[in-house]
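Participant: This is the structure I want to talk about, given as structure tokens.
The values are calculated or read from the model by the stated rules, or taken from the named source; none is laboratory data. Computed from a predicted model, the values in this text were never measured in an experiment. Cβ coordinates were reconstructed from backbone atoms using ideal geometry, including for glycine residues, and neighbour counts include every protein chain displayed. With ligands, DNA and RNA removed, areas are computed over all heavy atoms of the protein, side chains included. Shrake-Rupley method; radii C 1.70, N 1.55, O 1.52, S 1.80 Å.
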Amino acid sequence: MTAPPVPHHLAIIMDGNGRWAQQRHRPRIIGHRAGARAVKRCVEFCLQRGIGALTLFAFSSENWSRPAEEVGGLMKLFLGALEREVEELHRLGAQLRFIGERGRFDASIQARMQAAETLTARNTRLYLNIAASYGGRQDIAQAARALAEDVAAGRLTAAQIDEDTLSARMALADQPAPDLFIRTGGELRISNFLLWQMAYTELWFTDALWPDVDATLLQAALDDYATRERRFGLTSAQIKGSPIGKTP
Ligand code: IPE
Ligand code: IPE
Ligand code: MG
């Protein structure tokens with residue numbers, strides 16, 4: 001029996017930290033701290049299951065507009081995680097990448113992000129992408145700007161602008177698109193995550209709150225994914241007998 005396909009690239013909106021804390025009559029930051037522990041469980045799961053790339057939505061472009069106290073608490077949490085967790089992730093063979101407008105973070109966080117990327121740059125066991133100050137629209141806009149700059153500088157003609165040249169300037173251009181998207185927290189929306197990259201990603205939603213996520217829940221998502229027929233616009237008959245529908 002062949003093993004069911006495992007997604008090569010898993011993308012997750014880690015939602016529900018605030019509600020998890022609220023249910024316990026605790027401040028929202030307690031939920032974010034519990035969420036950070038769930039991130040570790042999720043990374044362990046991906047390593048165990050041989051998932052090659054994991055992209056986690058940690059903080060959106062829009063999350064900057066939350067109350068200053070929550071944003072400040074999240075920044076302290078990020079900095080602490082960068083200080084404490086990077087060595088271990090390096091030892092485990094994860095290559096870290098931060099996508100989003102990192103210029104909006106404090107210099108101390110930016111420096112830690114850069115150092116983490118440099119330290120882990122040669123690792124290949126798990127590509128661990130953290131979307132922080134990330135917005136899908138912003139990503140598309142910056143790619144469009146990069147194309148415009150190339151045209152203005154004479155490196156590209158307008159006629160050469162197509163899906164491939166735009167794709168090449170998007171975040172994660174060097175990685176395959178996400179195969180499976182998971183959103184916890186019960187909301188059925190994309191919330192400006194990887195808009196371009198998720199054109200053909202399989203979507204999976206759960207009411208579970210992110211801090212409650214464990215291997216059993218993640219495995220349920222993988223089991224569901226294994227039953228999907230990915231058609232990419234073709235017919236089912238075309239897919240059957242071709243490797244495309246089952247390619248992880
Ligand atoms: C997701 O949890 C984490 C971030 C957006 C930083 P939330 O903080 O959105 O939790 P809920 O959705 O309010 O429960
Ligand atoms: C999406 O969650 C962003 C992250 C998980 C980082 P939000 O909680 O910000 O999304 P909305 O506001 O419910 O759409
Ligand atoms: Mg939320």
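Participant: Pairs needed: first member in region 10-21, in contact (Cβ under 8 Å) with a residue 24 or more places away in the chain; second member anywhere, within 8 Å of ligand 3 (Cβ to nearest atom) and part of a loop (DSSP other than H, G, I, E, B); C-beta distance under 6 Å; at least 6 residues apart or different chains.
Facilitator: Going by the 6 Å Cβ cut-off, the qualifying pairs are D15/G185; G16/G185.
Participant: In region 164-214, what count of residues is obtained for those that are away from ligand 1 (no atom under 16 Å from the Cβ) and either in contact with a Gly (Cβ under 6 Å, 6 or more places away or on another chain) or open to solvent by less than 50 Å² (accessible area, probe 1.4 Å) (or both)? Quick ask: steps written out before the conclusion?
Facilitator: Pass one, region 164-214, residues away from ligand 1 (no atom under 16 Å from the Cβ): 164-180, 195-204, 214.
Next, from what is left, pick out any that are either in contact with a Gly (Cβ under 6 Å, 6 or more places away or on another chain) or open to solvent by less than 50 Å² (accessible area, probe 1.4 Å) (or both): 165-167, 170-172, 175, 178-180, 195, 197-198, 201-202, 204.
Residues meeting the conditions: 16.
Participant: Okay, moving on. Name the single residue, out of those in region 39-69 being of a type in the set (A, V, I, L, M) and either open to solvent by 80 Å² or more (accessible area, probe 1.4 Å) or part of a strand (DSSP E or B) (or both), that is farthest from ligand 3 (Cβ to nearest atom). Before you say what the answer is, go through the steps one by one.
Facilitator: Going residue by residue through region 39-69, those that are of a type in the set (A, V, I, L, M) are 39, 43, 47, 51, 53-54, 56, 58, 68.
Going one step further and asking which of them are either open to solvent by 80 Å² or more (accessible area, probe 1.4 Å) or part of a strand (DSSP E or B) (or both), we end up with 53-54, 56, 58, 68.
Details: A53: 24, L54: 20, L56: 14, A58: 12, A68: 18 Å.
Only one residue fits best here, namely A53.
Participant: Continuing with this model, one more query. Among the residues of region 1-48, which ones are within 18 Å of the chain's Cα centre (by Cα) and at pLDDT below 95?
Facilitator: Matches in region 1-48: none.
Participant: Which of (1) among the acidic types (D, E); (2) over 15 Å from the mean Cα position of the chain (by Cα); (3) away from ligand 3 (no atom under 16 Å from the Cβ) does E187 not meet, given it meets every other one?
Facilitator: Among (1) among the acidic types (D, E); (2) over 15 Å from the mean Cα position of the chain (by Cα); (3) away from ligand 3 (no atom under 16 Å from the Cβ), E187 violates only (3).
Participant: Follow-up. Could you give me the residue pairs with C-beta distances under 8 Å whose first residue belongs to region 111-136 and is without any contact (Cβ under 8 Å) to a residue 24 or more places away in the chain, whose second residue is crowded, with 19+ Cβ neighbours inside 10 Å and not in a loop (DSSP other than H, G, I, E, B) wherever it lies, and which are 6+ apart or on separate chains?
Facilitator: Once the first residue is without any contact (Cβ under 8 Å) to a residue 24 or more places away in the chain and sits in region 111-136, its partners that are crowded, with 19+ Cβ neighbours inside 10 Å and not in a loop (DSSP other than H, G, I, E, B) give E117/L96; E117/R97; E117/F98.
Participant: Let me ask something else about it. Select, from I12, I29, the only residue that is within 16 Å of ligand 3 (Cβ to nearest atom), outside any helix (DSSP H, G or I) and open to solvent by less than 80 Å² (accessible area, probe 1.4 Å). Full working, then the answer.
Facilitator: Details: I29 fails: outside any helix (DSSP H, G or I).
Checking each option against the conditions leaves just I12.
Participant: Same structure, new question: I'm told T165 meets every condition in (1) at pLDDT below 95; (2) of a type in the set (S, T, Y); (3) in a helix (DSSP H, G or I) except one. Can you identify the failing condition by its number?
Facilitator: That leaves (1) as the condition not met.
Participant: Give the residues of region 111-132 that are under 17 Å from F59 (Cα atoms), open to solvent by 10 Å² or more (accessible area, probe 1.4 Å) and not in a helix (DSSP H, G or I), sorted by residue number.
Facilitator: I130, the sole residue that qualifies.
Participant: Go through (1) within 16 Å of ligand 2 (Cβ to nearest atom); (2) surrounded by 20 or more Cβ atoms within 10 Å (Cβ to Cβ); (3) not polar (S, T, N, Q) for R19 and report which single condition fails.
Facilitator: Checking R19 against (1) within 16 Å of ligand 2 (Cβ to nearest atom); (2) surrounded by 20 or more Cβ atoms within 10 Å (Cβ to Cβ); (3) not polar (S, T, N, Q), the one that fails is (2).
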